[in-house]
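In what follows, a structure is listed as structure tokens, so that the remarks can point back to it.
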Amino acid sequence: MTYIAGSYTTKFGELWERDLRSLGIEAIEGALKDANIELKDIDALYVANMAASRLSGQDHIGSLIASELGIDVPAYHIESACASGGVAVRLGHLDILSGESKNILVLGVEKMTDISNSGVTAALSGASDEEWEAFYGATFPSLYAMIAREHMRKFGTTREQLALCSVKNHAFGSKNPHAQFPFEITTEQVLDASPVADPLGLLDCSPISDGASAIVLSKEKKSDVKIISSAQAQDTISLHKRNDITELTATVKAANKAFHSAGLNRNNIDIVELHDCFSIAEILAYEDLGFAKKGEGGKLIESGKTGPGGSLPVNTSGGLKACGHPVGATGVKQIAELASQLSGSAGARQISKNLKYGLAHNVGGSGGTAVVHILAKVG
């Protein structure tokens, strides 16, 4: 059994005065304090980071953080594009289940604002197919724009439905003090925002962010929240090799595995943190995770079910769009948010005190990797 003993997330944003090390250490110290566990009791360290070699000029991230902490336990650097955090949590969970470790630190950290926007774009493009996509200038906004246009053509998804995803995530994010953009926006603002890649505008896209999130995983029952299922799946790294770009098959496979392993169905889930790197990604996730039929993700966001007061709140942290997207940290932050909500310690953004099951969904690139975790509150 793997329990979420404690968690901590730093402020996300353009944190000019901070560096990779200080963000990581802040998150770890906060998580240890929340878990009431001392550093000497940690058996292993998993550090999720996508692109420090390009963004910060730093490799060997596991050793770096272990050195800063002054510990000599096994330290691993996990890279799986924007799914790095989710993969790190999964590997830490499996380490606990193997019996090798009793207490594990999982850190997700990224410092993205120290170089130019073009430099960040080039670094992030490393998560796509360098030969068939990045070489021809197909950045992630353009790749997801292609997906959006095809989804609109096939299913009649509207520009307004896409906009509602951003509006909803900002509504939740306005209550999150750690969010990069803790304020509400309107549908009109999303529709009128500067174009990025048709049909996506500036407010359909997650931002460039700095930040870190850490959790402590424990074999012992040190909290009322545990991981009951973890699954990962892969797909082609490039869009052109897929039969249908309106489905992230890796998400479908990972979700099905996770639900089967947990012995649950979709109706059991009370709260979701999903990967909304672009507004269309949230629409796809509704469908690929099985919360909406294929082509009906737009109708689900319109219904209000996934928003404040809805029966299936999605991205109470603000999601990638409002909370921010320091790529290596996102998957860990999702788990931290669910743990806070399930334990009833989410403060002003607490949805309910009666939550039992939560689902986290983390994606790498345009769906080359997907990780799904299901968490449960236990008595």
For this session: Starting at the first residue of segment 104-114, write each ³J(HN,Hα) from the Karplus equation 6.51 cos²θ - 1.76 cosθ + 1.60 with θ = phi - 60°, in whole Hz, x for Gly and Pro.
Result: 10, 9, 10, 10, x, 8, 8, 10, 10, 9, 7
Exercise. Applying the Karplus parametrisation 6.51 cos²θ - 1.76 cosθ + 1.60 with θ = phi - 60° to the phi angles of segment 228-239, what ³J(HN,Hα) value in whole Hz is obtained for each residue in order, glycine and proline being reported as x?
Worked result: 10, 7, 8, 8, 9, 9, 10, 9, 4, 6, 10, 5
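Cα gyration tensor of segment 200-265, axes a ≥ b ≥ c as square roots of the eigenvalues: rounded (a/c below 1.5), prolate (a/b > b/c) or oblate? Before the final figure, lay out the partial values.
Working: a/c = 2.72, a/b = 1.34, b/c = 2.03.
Verdict is oblate for segment 200-265.
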Problem set entry | Under 5 Å, built H, 5+ apart or other chain: amide partners of Gly201 | Val196
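Looking at segment 13-139 from every direction and averaging, what is the projected area of its Cα convex hull in nm²? Walk me through the numbers before you get to the answer.
Working: hull surface 34.5 nm².
The number I arrive at for segment 13-139 is 8.6 nm².
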For this session: Please give, to one decimal in nm, the separation of the simple spin-label points placed at Lys33 and Thr121, each 7 Å out from Cα toward the Cβ.
Result: 4.0 nm
Exercise. Taking the highest mean first, how do the peptides 108-116, 174-182 order by number of other beta carbon atoms within 10 angstrom per residue?
Worked result: 108-116, 174-182
For this session: Compute the separation of the alpha-carbon centres of segment 248-275 and segment 117-145 and state it in Å as a whole number.
Result: 28 Å
For this session: With a point put 7 Å past each Cα toward its Cβ, work out how far Thr158 is from Gln58 in nm, to one decimal.
Result: 4.7 nm
Problem set entry | Cβ-Cβ FRET estimate between Phe135 and Thr236, R0 fixed at 22 Å, reported to 0.05 | 0.85
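Determine the dipole magnitude for segment 250-379: charges of +1 sit on the beta-carbon of Lys and Arg, -1 on that of Asp and Glu, nothing else is charged, the reference point is the Cα centre, and the result goes in debye to the nearest 20. Before the final figure, lay out each step's value.
On the way: 13 positive and 9 negative charges, 55 e Å.
Taking the Cα centre of segment 250-379 as origin, the dipole is about 260 debye.
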For this session: Using a 10 Å cut-off on Cβ atoms, rank the peptides 125-138, 200-213, 319-332 from the highest mean neighbour count down.
Result: 319-332, 200-213, 125-138
Problem set entry | Nonlocal amide H pairs with Thr186, under 5 Å, H built at 1.01 Å | none
Seminar exercise, completed: Quick calc, Asn243 & Asn265: beta-carbon distance into FRET formula, R0 35 Å, rounding 0.05, result 0.85
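So which trypsin sites (Lys or Arg not before Pro) in segment 190-288 pass both tests, a DSSP loop state and at most 12 other Cβ atoms within 10 Å of the Cβ?
Numbers: sites: Lys219, Lys221, Lys222, Lys226, Lys241, Arg242, Lys253, Lys257, Arg266; in loops: Lys219, Lys221, Lys222, Arg242.
Sparse-neighbourhood loop trypsin sites (Lys or Arg not before Pro): Lys221.
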Seminar exercise, completed: Between Ser229 and residues 5 or more places away or on another chain, the pairs with built amide H atoms under 5 Å apart involve Ile374
Exercise. Expressed as a whole number of Å, what is the distance separating the alpha-carbon centroids of segment 5-73 and segment 190-208?
Worked result: 32 Å
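Give me the number: length gained by fully extending Lys353 to Asp224, i.e. 0.36 nm times residue separation minus the C-alpha to C-alpha distance, one decimal in nm.
Working: separation 129, 0.36 × 129 = 46.44 nm, distance 1.28 nm.
That works out to 45.2 nm of additional length.
Arrange the peptides 18-26, 302-310 so that the one whose residues have, on average, the most other Cβ atoms within 10 Å appears first. Write down the numbers at each step before the final one.
Working: 18-26: 19.9, 302-310: 15.8.
Top of the packing list down: 18-26, 302-310.
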Exercise. What shape does segment 135-216 take by its C-alpha gyration tensor, where a ≥ b ≥ c are the square roots of the eigenvalues and a/c under 1.5 counts as rounded, a/b above b/c as prolate, and the rest as oblate?
Worked result: oblate
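Between rounded, prolate and oblate, where does segment 2-76 land on the alpha carbon gyration tensor, with a ≥ b ≥ c its root eigenvalues, rounded for a/c under 1.5, else prolate if a/b exceeds b/c?
Working: a/c = 2.04, a/b = 1.32, b/c = 1.55.
Oblate shape, in that a/c is at least 1.5 and b/c is the bigger or equal ratio.
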Seminar exercise, completed: Taking a straight Cα-to-Cα line shorter than 18 Å from Lys168, and setting aside same-chain lysines fewer than 8 residues away, one finds Lys299, Lys305, Lys321
Exercise. Could you give me the ³J(HN,Hα) list for segment 295-306, computed from phi with Karplus coefficients 6.51, -1.76, 1.60 and θ = phi - 60°, whole Hz, x at Gly and Pro?
Worked result: x, 10, x, x, 5, 5, 5, 5, 5, x, 4, 8
Seminar exercise, completed: Asserting the computed 222 nm helical MRE of the chain (DSSP H runs at least 4 long, -39500 (n - 2.57) per run, divided by residue count, to nearest 500) equals -11000 deg cm²/dmol
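Throughout, read-outs are computed from the coordinates displayed, never taken from laboratory work. What you are looking at is a predicted structure, and each value in this text was computed from that prediction instead of being measured. Don't worry about glycine lacking a Cβ; one is built from the backbone with ideal geometry, like all the others, and counts go over all protein chains shown.
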